[in-house]
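Below is one structure; the comments refer to it alone.
The values are calculated or read from the model by the stated rules, or taken from the named source; none is laboratory data. Note that the structure is predicted; figures quoted are calculated from it, not measured. No Cβ is skipped: glycine too gets one built from the backbone with ideal geometry, and neighbour counts run over all protein chains shown. Protein only, heavy atoms only, side chains kept; ligands, DNA and RNA dropped before computing areas. Shrake-Rupley method; radii C 1.70, N 1.55, O 1.52, S 1.80 Å.
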Amino acid sequence: MSKILKGTMLLTAGTFLSKFLGMIYTVPFENMVGTEGTDLFSIAYVPYSILLSLSSMGVPVAVSKFVSKYNSLGDYETGRKMLKAGLTLMSITGVLAFLILFFSAEQVAAWTIGEDSDRLGHATMVIQMVSFALLVIPPMSITRGFFQGHESMAPTAVSQVIEQIVRIVFLLASVFVIVQVLQGPIPQAVGFATFAAFIGGIASCIVLYWYWRKRKPFLDRQLEAQEYTYGLSNKDMFKELFAYAGPFILVGIATPLYQLVDQFTLEKAIKASGLEYNNAFSIINFLSHKLIMIPVTLGLGLSLALLPAITQAYTKNEMNRLNHQINQALQIVALLIIPAVVGLSVVAFEAYGTFYGVDELEYRGDLLRWYAPVGLFLALYTVTSSILQGINKQNFAVISLGTGILLKLGLNWWLIQLFGAKGAIIATGIGVAAAVILNFGRIFTSIELSYQQLFKRTLLVLILTTVMAIVVVFIKWMLGFILDPMENRLDALIVLFFSISAGGLVYLWLTYQTTLLERVLGDRVRVLDRFLKRG
């Protein structure tokens, strides 16, 4: 198995588990605080996510590229100097971001829900509580970038999972004590829930420090064995780093920017059209978003693991290797994410009912069904942007993201007036899809990428996914004679389990029989030979 695939699988597994835990906790959390509480929670997290990306300035992922480049040239000292200087820089920007968010919390809340809203004080408090995480996350994330530059994905994967576990335990415990034991107010519980991001960040720092102590002897030996260093000054290092980093900021804040447009317009546009708001913002951008992030995570993990290898191939001008790696990455996206988002769309009502209950399921499940396909575009945007960064075309990310956000801004209010809350989803889908198309166009014109194999295998994936979807629909139809997933949460769980199990097994069998699985993922899938036999 290639090194890129090993790194991809490790980082994707860690990121997937982290995101899966991040989805699972929303079930008891939503049950304790309700959709009004989750609406308050999501109001705080969107501006926090944007300031987090701005405070890190795209540096953590750019450090991965920077370190990978100089390692490939045999200069390990420059990468070490970058880690030390970057930690100082990220600590300063983290403090500045904390101060900005903490003291602007009331204004952000007013822009979101209006100055006359009786929720203004609660929203302000929740935003202030989450701002503390900005003190630790930026310097912590740059250490992950350093390890990734050494093509060491375990520190990132493990620290992500530990961070999420500690955050969730603190979040659920504090909410349970405040709501169930002390019978306290929901806003106070949501405030502590957002503060959990700070606690999780501290736990991640501890894990990364342990990895640093463990790996330092090996890194020191690399340093001692090097024969040449470029001897870059801090000024030269940061000049090169920020040339990489600028577009990384945009990739990091892409999804929060689309959500921010909804945060400032969705409730107002729905009420202006005379429809019920029904906490649509959190239903789409928090509860449903958590579900679609499961397939999207596959793309996120892939893009992070992909960047160092692409950077090295491009730096060494190994075009055949570069072509192969990009093709492999995009084929993995097609193989894994297309069936995932299609499957989620088909079982949207059952999935939402299982995780969040069957109240207003016809309305809420329909929003998830429309939102699920957007997950494919979000994943493709992340992966294609990382490819552009790996081939030194990162500045184009400014154009593609800008185009997508302008389309979202221009269409959002109008589409919400036409289609209600679904209009916001359609506007996001159009914006992200446009950005993806532009990224693909730039990649194909920059490196003469051979896409015939990618096209053929993606077409096969679409055919097999269609067969899988038909099987899932049939299973749902059969179970519908004895179960009612729209009215009973247990029935929704049973239908969901049997539908996705049948669909997943059929898709696995089809990809195995057609040798697609082996061609994309390599010989390791031959482990399935003992369970499956090719006809």
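Within the stretch 448-485, the set of residues being over 30 Å from residue 333 (Cα atoms) and either within 25 Å of the chain's Cα centre (by Cα) or surrounded by fewer than 16 Cβ atoms within 10 Å (Cβ to Cβ) (or both) comprises 478, 480, 481, 482, 484.
Sort out which residues of the stretch 103-142 are in a loop (DSSP other than H, G, I, E, B) and over 30 Å from residue 85 (Cα atoms), and write them in order of number.
Pass one, the stretch 103-142, residues in a loop (DSSP other than H, G, I, E, B): 104, 114-119, 136.
The answer is 114, 115, 116, 117, 118, 119.
Residue-by-condition table, conditions (1) within 21 Å of residue 253 (Cβ to Cβ); (2) small (Gly, Ala, Ser); (3) not in a helix (DSSP H, G or I):
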{"site": "368", "(1), (2), (3)": "no, no, no"}
{"site": "376", "(1), (2), (3)": "yes, no, no"}
{"site": "383", "(1), (2), (3)": "yes, no, no"}
{"site": "388", "(1), (2), (3)": "yes, no, no"}
{"site": "398", "(1), (2), (3)": "yes, no, no"}
{"site": "402", "(1), (2), (3)": "yes, yes, no"}
{"site": "417", "(1), (2), (3)": "no, no, no"}
{"site": "426", "(1), (2), (3)": "no, no, no"}
{"site": "439", "(1), (2), (3)": "yes, no, no"}
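Hey, among 126, 130, 95, which residue is touching a Leu at 6+ places or on another chain (Cβ under 7 Å) and more than 30 Å from residue 215 (Cβ to Cβ)? Before you say what the answer is, go through the steps one by one.
Details: 130 fails: touching a Leu at 6+ places or on another chain (Cβ under 7 Å); 95 fails: more than 30 Å from residue 215 (Cβ to Cβ).
Sole residue among the options that is touching a Leu at 6+ places or on another chain (Cβ under 7 Å) and more than 30 Å from residue 215 (Cβ to Cβ): 126.
Of the residues making up the stretch 488-497, those that are open to solvent by 40 Å² or more (accessible area, probe 1.4 Å) and either β-branched (Val, Ile, Thr) or in contact with a helix residue (DSSP H, G or I) (Cβ under 8 Å, 6 or more places away or on another chain) (or both) number 3. Screening residue 151 against (1) modelled with pLDDT under 90; (2) on the phi < 0 side of the Ramachandran plot leaves a single unmet condition, (2). Across the stretch 502-535, the qualifying residues are those that are of a type in the set (Ser, Thr, Tyr) and either touching a His at 6+ places or on another chain (Cβ under 7 Å) or within 14 Å of residue 465 (Cα to Cα) (or both), and the one among them that is modelled with the highest pLDDT is 507.
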